[in-house]
1. Work out Dmax and Rg for the range 17-320 from the C-alpha atoms and quote the Rg first, both in angstrom.
2. Provide the gained length on full extension for the span Ser219 to Asn281, in nm with one decimal, where the gain is 0.36 nm per separating residue minus the Cα-Cα distance.
3. Near Lys257, within a Cβ-to-Cβ distance under 15 Å, what is the net charge of the other residues, with Lys and Arg +1 and Asp and Glu -1?
4. Greater than 24 Å separation of Cα atoms is the criterion. Which listed pairs, Lys198/Lys255; Lys60/Lys94; Lys204/Lys304, meet it?
5. DSSP loop (so not H, G, I, E, B), at most 10 other Cβ within 10 Å: list which trypsin sites (Lys or Arg not before Pro) in the range 180-231 pass both filters.
6. Can you tell me the FRET efficiency between Leu318 and Ala254 if r is taken as the Cβ-Cβ distance and R0 is 22 Å, rounded to the nearest 0.05?
7. Arrange the following residues from fewest to most other Cβ atoms within 10 Å of their Cβ: Asp97, Asp77, Asp175, Asp72.
8. For Lys197, list the lysines whose Cα falls under 19 Å from its own Cα; do not include residues on the same chain fewer than 8 positions away.
Amino acid sequence: MPLIYSQSQFINQPIDTMNRLIKLLVVIALILPIACTSPNNTYSTIDSSAIPKDTAENFKVANKGVNIAYDDSKKGDTTLVFIHGWGINRTYWKNQDTAFAKHYRVVAMDLPGFGESGKNRKSWTVEDYANDVSAVLNGLDLKNVILVGHSMSGAIALETALDNQPRVIGLIGIDNFNSYGAKETPQTQKEIEEFFKKAKGNYKKTVSAYINQALFAPSTPKSIRKRVTDDIVNSDSTIALDCMEQSFPYPTDAKLKTLKMPLYLINSSANPTDTLAFRRNGIAYRFFNVGKTGHYPMIEKPEKFNALLTEAIKEIELAKK
C-alpha cells in the first residue's frame, strides 16, 4: 500500500511526562458519560432537525447482556459511526450528527460504562469495547462503515476495523495516534503509577487537576472546560480508572501495521503528531491539522472540524470506487 502523506510539516517530538499523561487522560475523557443511567435504558430518542422524525425509536442493541445506547439517522449508503472518548458521551457529536445526517447514515453510540449505556460488567479492555462497537455494526447491519474515534476510541476504532472487514471502509482518528513508537521511561511509568494512586484516593480532585493541565488550550471556552470537567469528574470513578488501566496493554503500534487501509487523522497542533514515525514504519496515513485547539476539536472548532471531516470522508469514498 502506498504511503499517503500530509501537506503539513512533519513533526518528530519525543514523548515526555505530560504527553504520556495526556494520552492517559485522553483514554479517560473519551469513555466517561455526562450522566450514567440505568442499564435498563436500551434505546434513545433523536433530537435533530436533520434526522427524520419517524426514526425516534431505535432497535435494541446489546453485547453479552450490556445494553448500548445510540442515535441512528437510519438513511444513507455510507455510515458514519461516531465513538466518543474517555469521560464523555455521544452528545459531543451533536454538531456532526446534524451536519452529516443530511448526506450519510449517522450512528453515534455511548460506550458501555458511560452515557446511557449499561455498566453491568467488570472488563473494560480495548477489545471489549471493540466488541461493543461490532455489536452495533452487526445489530444494525450497517454498510460501508467509516469509524470516527475520538481520543481513547482511536484504538477501539482500530480494533473494530480489523475485526470487521470488508464492512468497515475507513478509519478516522480524532486527536489521537500522535506518538507512534514512543517508549515509556522509568520516570514516566513512575509518574503514571503515582497518578493512579492519587486518583484512587481522591478521584475528583486528582482528575480535575490533570484535566485542566492537559486537555485544554488557552483558547478553549470556559463553557467547554466546565462541561468536560463536570462530565469526567462525575463519572463512575471505578469504571473510569479501570478502563484507563486496562487499555494500556493494547499493542496499538503493532496493530496499526496490520491495518489494510490508510489511517486518517484530524488532530490538534497543540499536541504535535509525529508523522515521521508513520513514514519510518510504513504506516499509510493522511493528516489534517485542525489548529491549536484543546482535546475536543469537534466542539471547540465545529465548522473547521466538519470541513476537514468532510474532506476525509470524500477521500475514503473515492478510494472505495
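1. Here Rg and the maximum Cα pair distance are 17.7, 56 Å.
2. Numbers: separation 62, 0.36 × 62 = 22.32 nm, distance 3.40 nm.
Between Ser219 and Asn281, full extension yields an extra 18.9 nm.
3. Numbers: positive: Lys255, Lys260, Arg279, Arg280; negative: Glu159, Asp253.
Overall, the nearby charge balance is +2.
4. Details: Lys198/Lys255 31 Å; Lys60/Lys94 21 Å; Lys204/Lys304 32 Å.
As for pairs spanning more than 24 Å Cα to Cα, those are Lys198/Lys255; Lys204/Lys304.
5. Working: sites: Lys183, Lys190, Lys197, Lys198, Lys200, Lys204, Lys205, Lys222, Arg225, Lys226, Arg227; in loops: Lys183.
Hits after loop and neighbour filter: Lys183.
6. Details: r = 29 Å, r/R0 = 1.32.
E between Leu318 and Ala254, to the nearest 0.05, is 0.15.
7. Working: Asp97 22, Asp77 10, Asp175 28, Asp72 25.
Fewest-to-most ranking of Asp97, Asp77, Asp175, Asp72: Asp77, Asp97, Asp72, Asp175.
8. Lys23, Lys205
FYI, it's all coordinate maths here, none of it is from the lab. Just so you know, these numbers come straight off a predicted model, no measurement behind them. Glycine also receives a Cβ, built like all others from the backbone with ideal geometry; neighbour counts cover every protein chain displayed.
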